[in-house]
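Before anything else, here's the structure in question.
FYI, it's all coordinate maths here, none of it is from the lab. Just so we're clear, the structure is a prediction, and the values are computed from it rather than from any experiment.
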Amino acid sequence: MAIPKRYMMARQFQLTIWLCLCCLIVSVGGCGERQRAIALVSGTVTLDGKPLAGASVRFIPMDQPNEPLGVVSQAETDAQGHFRLSTSDDRPGAVVGQHAVRISTLKGRRIPNSESTEITTPEKLPERFNTQTQLQFTVPEQGTDKADFDLKS
């Protein structure tokens with residue numbers, strides 16, 4: 001007994017649809033950044049024992065050494081060198097876990113109608129605290145107000 005051509009085409013169409021749906025489910029399920037817990041983080045930055053005002057503090061989440069993952073958190077220090085982190089998607093705190101920390105005093109502003117940037121405040125800190133950072137900090141699940149950095153020039 002021969003199988004009707006119409007039945008085979010319908011069956012082939014069903015298999016194609018199921019295959020497409022499975023691929024879609026797998027690809028959507030694997031997409032997006034993995035959600036990680038956020039904890040409140042604050043602290044103080046000093047340079048040679050004195051508060052470092054106006055410094056940019058960035059926490060870059062790390063799963064493995066030198067492999068950034070997740071949302072970066074940042075803050076600017078006040079006159080007493082104190083900072084309170086917020087994530088790049090506007091949540092207070094930083095992701096729980098290990099971070100590379102970059103601290104910089106370099107400030108600039110974009111020149112209108114140009115791709116150039118004018119330096120308004122030069123870098124006061126050695127590269128080992130920013131572009132070639134050696135600083136690390138582990139954010140605990142309960143958060144902390146002791147993310148303190150006593151830098152030596």
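So what J values fall out for region 140-153 if you push phi through Karplus, 6.51 cos²θ - 1.76 cosθ + 1.60 with θ = phi - 60°, rounded to Hz, Gly and Pro as x?
Working through the residues one at a time gives x, 4, 7, x, 7, 10, 10, 7, 9, 10, 9, 8, 10, 7 Hz.
Over region 38-146, what number does the Rg to Rh ratio reach, with both radii from the alpha-carbon atoms and Rh per Kirkwood?
Answer for region 38-146: 0.99.
Step through the residues of region 98-104 one at a time and calculate ³J(HN,Hα) from phi using the Karplus curve (6.51 cos²θ - 1.76 cosθ + 1.60, θ = phi - 60°), rounding each to whole Hz and writing x for Gly and Pro.
Once θ is set to phi - 60°, the couplings for region 98-104 become 6, 9, 8, 10, 10, 10, 9 Hz.
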